[in-house]
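Inspection log for the structure reproduced underneath, given as structure tokens.
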Amino acid sequence: MNARVESVRALMDERGLDALLIKGKTLKRYLGTVTGSGCKVLITRAGGYLIMDGRYVNEAADIEHDLEFRVHEQGVSYLGELAILIGECDIHRLGAEASQVLVSEYQKLCDLDVEPVLLDGELARMRIIKDEYEIAAVQHAVDVADDVYAKVLEHLHIGMTEYEISALVHYYSIAAGAEAMSFDTIVATGERSALPHGRPTMRTVNEGEPILIDFGVQINGYQSDMTRVCFIGQPSSQMVKVYDTVLAAHLAGIEAIREGVVARDVDAAARKVIADAGYGAYFTHGLGHGIGMGGDLPLLNTSGDIVLRNGMIMSCEPGVYLPGVGDVRIEDDVLLRDGVAVPLNHTPKQLRILEVR
């Protein structure tokens, strides 16, 4: 954990902060400490504190060896203990996660005689370069997702519902050791696959139509995210053309992921393939996003200004969404290593047509 605390302190130096208050689960997980909602972390120039109520003391004693414990009564605000630490540690400028601080809480922080400084993208940038441990953890989550998808394909048949497909994804994921899904699993078939975030319904699978499955697993805090589209029986010539176009765009995006390239230029490389095929109006989202513990950078979209560096992991997921017809989206998680893109997924990306059953 020490190296990650030093990353926090480097950010504090950059922003002229005396301390950083951490409430969000992602950053607590990043620091390797207890993630419960009743736990807050305060990192100062010289130390670190885990502020919690009594429910978490036993768990914290088992896993936390770096932070000093400050325990308050359950049902009583942590702000009282924080106020004591502000005085003890001579804190004047206090950083906090913008996404985790309520307006009322912000006002109470102001009353503690400190200057609250809300941080947003800076915290994600702090986590943007993955170390070897993190890369291995993401690779494991990707490997599990690949295996889950292969198992689910064995069960697909005409007439099964999107709910049933989603249930299989969840079952095989949890059976493989996933502590959670990375996000709400997306299963969309036929014309519903044209919904980029289509959640599963009772709609049943028909012959020759797209079956889109987009999911990821979280293991030891690290996530994967993959999308594939398959068909039971021969798809229409229109869908074959769309599939070939999206696959070409996907490969162009991976080819464009290079050390020193600006994120928006990767998006542009994939988007050009789709636009040149006449589907530009139907690619309605950015090409990709960071992969890690959640909320990661970089963002590969039309305004992405981050310069890509070795150790970044990102998705590459172009799609074409034809209203009333269907969609193809192909997504891999991609590591930038030694200056070039290394796809972490091993699930085939070529057009997959299953036998009618």
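The values are calculated or read from the model by the stated rules, or taken from the named source; none is laboratory data. All of these numbers come straight from a predicted model, not from anything done at the bench. So basically every Cβ, Gly included, is an ideal-geometry build from the backbone, and we count neighbours across all protein chains shown.
Residues are listed down the side, and each one gets a yes or a no for (1) free of Cβ contacts under 8 Å to residues at least 24 places away in the same chain; (2) exposed (fewer than 13 other Cβ atoms within 10 Å of the Cβ); (3) in contact with a Ser or Thr (Cβ under 8 Å, 6 or more places away or on another chain); (4) more than 30 Å from Val8 (Cβ to Cβ):
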| site | (1), (2), (3), (4) |
| --- | --- |
| Leu94 | no, no, no, no |
| Lys130 | no, no, no, no |
| Gln139 | no, no, no, no |
| Asp147 | no, no, no, yes |
| Leu156 | no, no, no, yes |
| Val169 | no, no, yes, yes |
| Ala176 | no, no, no, yes |
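Those strands (runs of 3 or more DSSP E) of segment 315-357 in which at least 1 residues are of a type outside the set (Phe, Trp, Tyr), free of Cβ contacts under 8 Å to residues at least 24 places away in the same chain and more than 23 Å from Val240 (Cα to Cα), considering only elements entirely within it, cover 340-343.
Within segment 282-294, one or more residues are touching a residue at least 40 places away in the same chain (Cβ under 8 Å), over 18 Å from the mean Cα position of the chain (by Cα) and assigned by TED's automatic domain parsing to the domain that holds Met312.
The residues of segment 142-188 that are within 22 Å of Pro210 (Cα to Cα) and part of a loop (DSSP other than H, G, I, E, B), listed by number, are Glu154, His155, Leu156, His157, Ile158, Gly159, Met160, Phe183, Asp184, Thr185.
Of everything listed in (1) surrounded by fewer than 20 Cβ atoms within 10 Å (Cβ to Cβ); (2) of a type in the set (Gly, Ala, Ser); (3) under 29 Å from Arg192 (Cβ atoms); (4) in contact with a helix residue (DSSP H, G or I) (Cβ under 8 Å, 6 or more places away or on another chain), the single unmet condition for Gly326 is (1). Within segment 221-269, the residues that satisfy the criterion of being on the phi > 0 side of the Ramachandran plot and either in contact with a strand residue (DSSP E or B) (Cβ under 9 Å, 6 or more places away or on another chain) or of a type in the set (A, V, I, L, M, F, W, C) (or both) are Gly233, Gly260. When Gly278 is tested against the conditions (1) in contact (Cβ under 8 Å) with a residue 40 or more places away in the chain; (2) part of a loop (DSSP other than H, G, I, E, B); (3) in contact with a Ser or Thr (Cβ under 9 Å, 6 or more places away or on another chain), the lone failure is (1).
Each residue in segment 179-194 was checked for being among the acidic types (Asp, Glu) and either under 27 Å from Ala281 (Cβ atoms) or without any contact (Cβ under 8 Å) to a residue 24 or more places away in the chain (or both), and 2 pass.
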